[in-house]
Ligand code: GDP
């Protein structure tokens, strides 16, 4: 059975926690897109971890962690991450890296930095992890596949071809030092030796696992609103964040994805620039950010302060629809217990007309939020295990959201810990 865990919002919904939790019953956890440009924060018995490339299931010794072909593979970063968790007492994880994954090259990171410098204040708020240059090269067919590391002739020829082009840009557009071909070759040979023990044919591995009835989780990064096609383009990421892409980025048939657990945050938050209709500012935002603690303050990778907002039902319903959500995990609800009342954005007013459908970015820029206000519950809900024990006003808030987003909420997360979860329909 293949299950995807993805975000309906702008990322940071708490997918890491939900994946970590669902991994208890999983055999294989697959990363299918993105790279080290976003992170999941996980708190478990070993401590607190910020994972960027490793799937959130690595903490269990019964699981295999897979880096699928869709991922931007930063080899030294991955190796460091493995070293970091094992040095903190986590048993050495079983890891498989797709021989079709492509390498995030040292120059991708440089190009990301140089481009941000060049754009100055007009930048896209990149995390400078090299993700946009990586995916540009992949689709321009000048990327390096893991498999190519194992043929030195292929590698040399390709390095020469790619450097010819990159060095022109480095010299004339960015006025930076050129790439040294021999040095790059040596670096890639080092990468090859580092990654060799993990490389395999992931799609064959998953084909067999599916046949054997294994439980497979596809772990998405960021959220639907950061998808390059359906998100707030151009303030998006460079690979698809949608569950459907999980089939491609892992190498399995689309019809095998039976369940799409879509993670939704009980209020809105976003890192980086981009349209954000229900954003709040000033003291009101600061209070929520502070109350959010780890969930509120800073992005796991970027350390940038998060922008805060009321729950956006328009964006979330759309996010759930684009994800093909079959069920929703509503997270970080505990943070809202201090509020007298809560607003929910139920429509966008654009040029005097109210819509409930999420528009393209140009129209989104003109959207004004239409709110409904609900009473707060004014209690700390952490520690509650049964849905029926949540205060009525809190259940009303959850059920209002459920009706708006048109997907059943099956899990309610009321704390960052692995066991702080309420099964709603249990
Ligand atoms: P991801 O990228 O979707 O995995 O999200 P992040 O890990 O970046 O951000 C989620 C943050 O919220 C982390 O610091 C989690 O520990 C925290 N978190 C997750 N669920 C809850 C919850 O229900 N309540 C609280 N207070 N924090 C949560």
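Here residue 107 clears all of (1) more than 22 Å from residue 65 (Cα to Cα); (2) touching a strand residue (DSSP E or B) at 6+ places or on another chain (Cβ under 8 Å); (3) assigned to a helix (DSSP H, G or I) except the condition numbered (2). Could you say whether any residue in the range 266-278 is over 20 Å from the mean Cα position of the chain (by Cα) and away from the ligand (no atom under 16 Å from the Cβ)? Yes; the residues of the range 266-278 include at least one that is over 20 Å from the mean Cα position of the chain (by Cα) and away from the ligand (no atom under 16 Å from the Cβ). Any residue at all in the range 80-97 that is assigned to a strand (DSSP E or B), under 25 Å from residue 136 (Cβ atoms), over 17 Å from the mean Cα position of the chain (by Cα) and outside the structural domain of residue 293 (by TED's automatic domain parsing)? Yes, there is a match, as at least one residue in the range 80-97 is assigned to a strand (DSSP E or B), under 25 Å from residue 136 (Cβ atoms), over 17 Å from the mean Cα position of the chain (by Cα) and outside the structural domain of residue 293 (by TED's automatic domain parsing). As an exercise: evaluate residue 246 against (1) closer than 19 Å to residue 39 by Cα; (2) within 13 Å of the ligand (Cβ to nearest atom); (3) crowded, with 23+ Cβ neighbours inside 10 Å and give the number of the one condition it does not meet. With (1) closer than 19 Å to residue 39 by Cα; (2) within 13 Å of the ligand (Cβ to nearest atom); (3) crowded, with 23+ Cβ neighbours inside 10 Å applied to residue 246, the lone miss is (2). Quick one: would you say residue 252 is on the phi < 0 side of the Ramachandran plot, within 16 Å of the chain's Cα centre (by Cα) and not in a helix (DSSP H, G or I)? No; evaluated as a whole, the condition is false for this residue. The one condition from (1) crowded, with 18+ Cβ neighbours inside 10 Å; (2) under 19 Å from residue 236 (Cβ atoms) that residue 345 does not meet is (2).
For the range 231-238, the criterion of being modelled with pLDDT of 95 or more, closer than 26 Å to residue 24 by Cβ, more than 16 Å from the ligand (Cβ to nearest atom) and buried (at least 16 other Cβ atoms within 10 Å of the Cβ) is satisfied by no residue at all.
Give the range 289-345 a look and list any residue that's at positive phi, within 16 Å of the ligand (Cβ to nearest atom) and at pLDDT 95 or above, or say none. Once the filter is applied, which keeps residues that are at positive phi, within 16 Å of the ligand (Cβ to nearest atom) and at pLDDT 95 or above, the range 289-345 yields only 332. Each residue in the range 11-55 was checked for being farther than 17 Å from residue 222 by Cα and near the ligand (Cβ under 7 Å from one of its atoms), and 1 pass. Looking across the range 113-131, just one residue is buried (at least 22 other Cβ atoms within 10 Å of the Cβ) and outside any loop (DSSP other than H, G, I, E, B), and that is 131.
When 358, 311, 400 are checked against the criterion of being farther than 21 Å from residue 270 by Cα, buried (at least 17 other Cβ atoms within 10 Å of the Cβ) and assigned by TED's automatic domain parsing to the domain that holds residue 282, 400 stands alone in meeting it.
Checked against the criteria, residue 231 counts as without any contact (Cβ under 8 Å) to a residue 60 or more places away in the chain, touching a strand residue (DSSP E or B) at 6+ places or on another chain (Cβ under 9 Å), part of a loop (DSSP other than H, G, I, E, B) and in the same structural domain as residue 75 (by TED's automatic domain parsing). In a residue-by-residue description of the range 24-45, the property of being on the phi < 0 side of the Ramachandran plot and part of a helix (DSSP H, G or I) applies to at least one position. Listed here are the helices (runs of 4 or more DSSP H) enclosed by the range 278-384 that have at least 3 residues being without any contact (Cβ under 8 Å) to a residue 12 or more places away in the chain: 282-291. Every test in (1) surrounded by fewer than 18 Cβ atoms within 10 Å (Cβ to Cβ); (2) under 31 Å from the mean Cα position of the chain (by Cα); (3) more than 18 Å from residue 104 (Cβ to Cβ) is passed by residue 160 save one, and that test is (2). Looking across the range 185-228 at every residue that is out of contact with any strand residue (DSSP E or B) (no Cβ under 9 Å at 6 or more places or on another chain) and under 15 Å from residue 70 (Cα atoms), the one that is surrounded by the most Cβ atoms within 10 Å (Cβ to Cβ) is identified as 227.
The values are calculated or read from the model by the stated rules, or taken from the named source; none is laboratory data. Here the structure is a predicted model, which is why all the values come from computation and not from measurement. Quick reminder, even Gly has a Cβ in these numbers, built from the backbone with ideal geometry, and neighbours come from all protein chains shown.
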